[in-house]
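One structure is given here, and the rest of the page talks about it.
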Amino acid sequence: MQFALTDDQRAIRDAVATFLAEQAGLERLRAVIADPAGWDAPLWAAMAGEMGYCGLMVPEAHGGIGAGAVDMALVLEETGARLAAIPFFETAVLAVQAILNAGTTAQQVRLLPALADGGTRATLALSGGSQTPPAGTGARLTRDCDRWRLDGEAGFVPFAHVADLLIVVASDDAGGVSLIALPAATAGLTVTRQPPLDLTRPFSHLRFEQVVVDEADILGTPGGAGPALERTLAIGAGLIAAEQTGGAAFCLSSTVDYAQQRVQFGRAIGSFQAVKHTLADMMVEVEAARSAALYAAAAIDAGTDELFEAASVAKSWGSDAYRRCAGEAIQLHGGIGFTWEHHAHLYFKRAWSSARWLGTSAEHRERIARRMGLGPI
């Protein structure tokens with residue numbers, strides 16, 4: 001594996017950092033979370049449409065750029081640092097990978113171009129948190145005479161209220177798992193916003209009541225999407241770690257800046273040994289999380305089964321690092337760090353929200369142990 005960034009990759013990282021610095025500042029983020037819509041439509045139009053970042057991992061044959069997971073990880077680290085309130089990860093990673101891993105060639109030709117150019121916003125509808133389907137799946141696909149029918153529910157689906165396309169995970173009576181590319185305007189589908197913890201990534205509850213499913217919208221073979229879903233979730237876990245790294249890195253950099261400016265007892269608080277030690281520990285957390293995330297991305301690009309272990313390592317470390325850095329940022333900012341007006345609580349909430357999504361640290365460590373043949377831990 002190549003661990004040094006290429007010139008093109010550094011150019012991607014610098015370009016997206018400059019773009020988001022201009023388009024996604026903290027003042028704008030405040031305005032977005034105060035808006036009932038709950039997402040930044042202009043930023044989406046610029047990032048997905050003008051910049052074309054949604055097509056990074058879409059093959060060129062389907063209207064994308066055809067880049068790799070490492071390139072996507074670099075972009076996600078920057079969106080995580082800015083808490084970009086757009087369904088970028090949901091569309092460009094989860095939905096795209098579900099279609100690539102489970103869909104037929106005809107379905108990829110039909111669905112991927114609109115995702116690549118940002119014309120379609122999408123998300124993955126999976127109930128049960130990170131349980132292995134079908135155990136944690138609340139939606140059921142059944143054959144009703146000569147048609148397919150979808151019933152049940154899916155909870156905590158990110159950006160479902162603005163999605164045009166839902167990739168629904170559904171189980172069947174035979175214990176199989178299906179992935180369904182369901183248009184958001186389908187009759188019988190109800191989307192209800194859920195009370196948010198993370199104001200920058202709103203979740204919704206979906207209810208399916210006798211939804212008629214076109215067989216052409218079932219990705220691949222009905223009931224046969226289990227391996228494709230497992231791979232999609234592993235890729236998602238590995239790449240969300242890059243987003244977590246970006247958030248943790250911002251917590252570190254903003255706290256270092258504050259420690260250099262805040263004066264107590266006639267000295268900048270950054271000169272105190274205890275503060276130095278805490279900041280050093282935060283830096284170690286960030287650098288380790290970045291290494292794990294990039295290794296997972298490289299494993300994804302390599303196309304080997306090592307991606308499952310690497311993704312779990314990255315997700316478990318990224319979740320813990322982000323939570324610790326966000327917590328320390330609040331502490332070191334002192335009284336102001338606990339206020340609504342300061343940005344620290346936004347990163348703290350994103351850290352805890354993303355730590356639960358796509359598998360907790362404990363769940364991913366158990367997966368690593370099982371793959372090593374150690375059994376449950």
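No lab work stands behind these numbers, since they all come straight from the coordinates. As the structure is a computational prediction, the values presented were derived from the model and not from experiment. Cβ atoms come from the backbone with ideal geometry, glycine included; neighbour counts cover every protein chain shown.
Most mobile of 296, 184, 237 per a Gaussian network model of the chain (Cα springs, under 10 Å)?
Checking each option, the largest mean-square fluctuation is seen for 184.
Extent of the range 35-182 along each principal axis, from alpha carbon coordinates, in Å, largest to smallest?
46, 37, 24
Pick from 197, 219, 252 the residue whose mean-square fluctuation is largest in a GNM of the chain, springs joining Cα atoms under 10 Å.
Judging by the Gaussian network model, the answer is 197.
State to the nearest 20 debye the size of the charge dipole of the range 324-377 about its Cα centre, where the only charges are +1 on K and R beta carbons and -1 on D and E beta carbons.
Approximately 320 debye in magnitude.
Taking H as built 1.01 Å from N, whose amide H comes closer than 5 Å to the amide H of residue 219, not counting residues under 5 places away?
Close amide H contacts, sequence-distant or interchain: 179, 180, 181.
Given Cβ point charges of +1 (Lys, Arg) and -1 (Asp, Glu) and nothing else, what value in debye, to the nearest 20, does the dipole of the range 104-218 about its Cα centre take? Present the calculation step by step, with values, prior to reporting the outcome.
Values: 9 positive and 13 negative charges, 57 e Å.
The dipole magnitude comes to about 280 debye.
If one takes the longest principal axis of the Cα atoms in the chain, at what angle in degrees, from 0 to 90 and to the nearest 10, does the Cα axis of helix 344-356 lie?
40
I want to verify a result. In a Gaussian network model of the chain, Cα cutoff 10 Å, which of these has the top mean-square fluctuation: 107, 210, 261?
The residue that fluctuates most here is 261.
Can you list the cysteines of the chain that have no other Cys Cβ under 4.7 Å away?
Here 54, 145 come out as lacking a disulfide-compatible partner, given the Cβ-Cβ threshold of under 4.7 Å.
Loop-only chymotrypsin sites (Phe, Trp or Tyr not before Pro) in the range 277-377, please: DSSP not H, G, I, E or B, and at most 15 other Cβ atoms within 10 Å. Write out the running numbers ahead of the final one.
On the way: sites: 295, 308, 317, 322, 338, 340, 347, 348, 352, 357; in loops: 340, 357.
Those satisfying the criteria are 340.
Let me know the Rg and Dmax you get for the range 262-322 when you use only its Cα atoms, in Å.
Expressed in Å, the Cα Rg and Dmax of the range 262-322 come to 17.1, 56.
For the chain, find the longest principal axis of its Cα atoms and tell me its angle to the long axis of helix 69-82, 0 to 90°, nearest 10.
Rounded to the nearest ten degrees, it is 60.
Go ahead and run the numbers for FRET between residue 18 and residue 374, Cβ-Cβ distance against an R0 of 51 Å, rounding to 0.05.
Values: r = 45 Å, r/R0 = 0.89.
So, using R0 = 51 Å, E works out to roughly 0.65.
Which one, 168, 145, 25, is farthest towards the positive end of the dipole of the chain when Lys and Arg carry +1 and Asp and Glu -1 on their Cβ?
Checked the options; the winner is 25.
Tell me, what is a quarter of the convex hull surface for the C-alpha atoms of the range 153-306, in nm² with one decimal? Walk me through the intermediate numbers first.
Values: hull surface 52.0 nm².
Computed as one quarter of the Cα hull surface, the answer is 13.0 nm².
How many nm is it between the label spots at residue 174 and residue 105, if each spot is 7 Å from the Cα in line with the beta carbon?
2.5
What are the ³J(HN,Hα) values, in whole Hz, obtained from phi via the Karplus relation 6.51 cos²θ - 1.76 cosθ + 1.60 with θ = phi - 60°, for each residue of the range 250-256 in sequence order, with x given for Gly and Pro?
Using θ = phi - 60°, the values come out as 5, 4, 5, 5, 5, 6, 4 Hz.
Just from the alpha-carbon atoms, what are the Rg and Dmax of the range 220-377 in angstroms?
So, for the range 220-377, Rg and Dmax equal 18.3, 69 Å respectively.
Output wanted: per-residue J couplings in Hz (rounded whole) for the range 334-340, from phi through Karplus 6.51 cos²θ - 1.76 cosθ + 1.60, θ = phi - 60°, x for Gly and Pro.
x, x, 5, x, 9, 8, 5
Tell me which of 219, 355, 333 sits at the most positive position along the dipole axis of the chain, charges placed on C-beta atoms (Lys, Arg +1; Asp, Glu -1).
Value computed over the given set: 333.
For the chain, report the % of Cα-Cα distances exceeding 25 Å. Spell out each step's value before the answer.
Details: 38194 of 70876 pairs.
Of all Cα-Cα pairs in the chain, 54 percent lie more than 25 Å apart.
Can you list the HN-Hα couplings for the range 52-61, worked out from phi with the Karplus curve (6.51, -1.76, 1.60; θ = phi - 60°), rounded to whole Hz and with x for Gly and Pro?
x, 5, 5, x, 4, 9, 8, x, 4, 4
Give me the percent relative contact order of the chain, please, defined on Cα pairs under 8 angstrom at least 6 residues apart.
Values: 738 pairs, mean separation 59.9, N = 377.
The value is 16 percent.
Based on the Cα coordinates of the range 47-134, what is the per residue volume of their convex hull in Å³? Please list the in-between numbers first.
Numbers: hull volume 9.5 nm³, N = 88.
Hull volume normalised by residue count: 108 Å³.
Determine, for each peptide in 359-370, 274-285, the mean count of other beta carbons within 10 angstrom over its residues, then list the peptides with the highest first.
Top to bottom by mean Cβ count within 10 Å: 359-370, 274-285.
Which one, 277, 204, 302, projects farthest toward the positive side of the charge dipole computed for the chain from Cβ point charges (K/R +1, D/E -1)?
277
If one computes the Cα centroid of the range 236-261 and of the range 276-350, what distance in Å separates the two points?
The two parts, judged by their Cα centres, are 6 Å apart.
Check which residues have an amide H placed less than 5 Å from residue 213's amide H, if you skip close sequence neighbours.
148, 149, 150
Using 0.36 nm times the number of residues separating residue 45 and residue 27, minus their current alpha carbon distance, what extension gain do you get? Don't jump to the answer; show the numbers that get you there.
Details: separation 18, 0.36 × 18 = 6.48 nm, distance 1.88 nm.
Going from the current span to full extension adds 4.6 nm.
Mind checking the dipole of the chain: about its Cα centre, +1 per Lys or Arg Cβ, -1 per Asp or Glu Cβ, Debye to the nearest 20?
Details: 29 positive and 41 negative charges, 203 e Å.
My answer is approximately 980 debye.
From largest to smallest, what semi-axes in whole angstrom does the range 295-377 give when each is the square root of 5 times an eigenvalue of its alpha carbon gyration tensor?
32, 14, 9
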